[in-house]
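These notes are about the structure you will find just below.
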Amino acid sequence: MSPSWSNVRADFPILHQQVNGKPLVYLDNAATSQKPRCVIDALVGYYERDNSNVHRGLHALSMRATDAYESARARLATFINAADAAEIIFTRGTTESINLAARSLGAKLKPGDVILATEMEHHSNLVPWQQIAKATGATLRFVPVLGANAEGGLDLASLDSLLTPQVKIFAFTHISNTLGGINPVEELCRRARAVGALSVIDAAQSIGHGPFDVRAIGADFVAFSGHKMAGPTGIGVLYGRRGLLDTMVPDETGGGMVSHVEYSGARWKPAPERFEAGTPNIADAIALAKACDYLDALDRAAIAKHDGELAALAYERLSTLPGIRLLGTAGARSGLVSFAFTEVHAHDIVTFADEDGIALRGGHHCNQPLMRKLGLTGTTRASFYVYNTPEEIDVLVASMRRILKFFGVT
Ligand code: C6P
């Protein structure tokens, strides 16, 4: 049964405020989502009752903290249907997860190898691969995006020529943070596997917005951030298939990740400890597990439907505005809409919308090459989550009309 979406707002304390004398309309969820009371309470509760360092203590608090931290890992594993909690590496977020994967996997690359990405990648799933390609002599290639407004999504036909046996890594986003379309990740993983390439999915924009089953998808690696899925900042996950993780070199070394150390060298523990040197972000991992409980209780399929319907409604309503250019597909989309006006800069739109209490995002959204390809300097983006309502889309559209009128666009 679908949750009562109007009750959901009561779970998020931050939403009940005015901005510039207007009720806050928070439509910047692709940048970071708001946090429900239960996640905030989990953070505070940990520091008030259990705070201690993990893994190295034999006293009660340390054992409690260790139990809670490792239970959080197990909870994240069930959240994405991983086969084993050891496949969950806690990181600072998507960016750190992809850097870890790139550096560890990159250690095995050589000249002649190919890393395949797509033209719609966020800088966080692009620059780390550029760096690894430069360091190893591997070549970085891209699956093109189709259409003047990227309405054609990824050019899947190009995979026939791009996915050669030279491709060792295929890194792609599940949902573009600028376009909002949903990429066919099962198919992309299957195609990668067929040529012996490892798949790396950037799930930053999808993980909190619908069901995600790593085994059904057939993913080798998945990166995501807690703060975009109702969890805290500073915590995220790199999922890696167990058999792969234990063959990989650690990215960082130090305490906690070693099984045996001499003055002359050291041996590594198996995953996940191998990839978690130093004191981890214990409190935020525990609170992230609470966010998983919260999203599952809402029902993640229902969340996907809710967010997608709001974005489709926003797309339809915004398309009536003069001079608007809407990016991405008109069809199946996740919970975001990205648009540009010929006459008004995205930063002006966002600044003026703030006067109406609306939080939007304007700019290149860390997609500079894609923006250049589409002939844009930036877009305005409205992104939705569980607490947003159709009435807020009315406020958004009315605000856009007011701004366009101010700039003399009719
Ligand atoms: N996008 C936005 O679109 P971090 O900052 O590590 O939590 O996530 C990076 C990241 C990676 N991939 C995708 C597809 C993303 O959307 C993001 C973050 C934010 O507003 C910030 S640019």
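The values are calculated or read from the model by the stated rules, or taken from the named source; none is laboratory data. Note that the coordinates shown come from a computational prediction; the quantities given were computed from them, not determined experimentally. Methodologically, a virtual Cβ is constructed for each residue, glycine included, from the backbone with ideal geometry; neighbour enumeration extends over all protein chains shown. The accessibility values were calculated without ligands, DNA or RNA, using every heavy atom of the protein model including side chains. Shrake-Rupley method; radii C 1.70, N 1.55, O 1.52, S 1.80 Å.
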Among (1) open to solvent by less than 30 Å² (accessible area, probe 1.4 Å); (2) without any contact (Cβ under 8 Å) to a residue 24 or more places away in the chain - the single one L58 does not satisfy: (1)
For segment 376-410, what are the residues that are open to solvent by 10 Å² or more (accessible area, probe 1.4 Å), touching a strand residue (DSSP E or B) at 6+ places or on another chain (Cβ under 8 Å) and among the β-branched types (V, I, T)? V395, V409
Exactly one condition in (1) part of a helix (DSSP H, G or I); (2) within 16 Å of the ligand (Cβ to nearest atom) is not met by S206; state its number. (1)
Odd one out for I169, checked against (1) surrounded by fewer than 21 Cβ atoms within 10 Å (Cβ to Cβ); (2) among the β-branched types (V, I, T); (3) away from the ligand (no atom under 15 Å from the Cβ): (1)
Farther than 22 Å from R193 by Cβ and not assigned by TED's automatic domain parsing to the domain that holds Y315: which single residue out of L146, L109, L100, L156 fits that description? L146
Filtering segment 373-393 for residues that are in contact (Cβ under 8 Å) with a residue 60 or more places away in the chain, charged (D, E, K, R) and more than 16 Å from the ligand (Cβ to nearest atom) leaves a count of 2
Can you tell me which of T94, T66 is surrounded by 15 or more Cβ atoms within 10 Å (Cβ to Cβ) and under 19 Å from A203 (Cβ atoms)? T94
Note on segment 246-288: residues under 16 Å from R92 (Cβ atoms) and of a type in the set (S, T, Y) are T279
Of the criteria (1) more than 12 Å from the ligand (Cβ to nearest atom); (2) open to solvent by 10 Å² or more (accessible area, probe 1.4 Å); (3) small (G, A, S), which one A150 fails: (2)
Segment 328-362: number of residues that are closer than 17 Å to D28 by Cα, in contact (Cβ under 8 Å) with a residue 40 or more places away in the chain and not charged (D, E, K, R): 14
Considering only residues of segment 98-147 that are β-branched (V, I, T) and closer than 18 Å to S225 by Cβ, which is least open to solvent (accessible area, probe 1.4 Å)? I98
Restricting attention to segment 298-323, which residues are of a type in the set (A, V, I, L, M) and without any contact (Cβ under 8 Å) to a residue 24 or more places away in the chain? A312
Hey, among P272, P211, P232, P250, which residue is within 16 Å of the ligand (Cβ to nearest atom) and not small (G, A, S)? P232
Any pair with Cβ under 8 angstrom, 6 or more apart, that starts in segment 28-41 at a residue that is away from the ligand (no atom under 14 Å from the Cβ) and assigned to a loop (DSSP other than H, G, I, E, B) and ends at one that is open to solvent by 40 Å² or more (accessible area, probe 1.4 Å) and charged (D, E, K, R): P36/D11
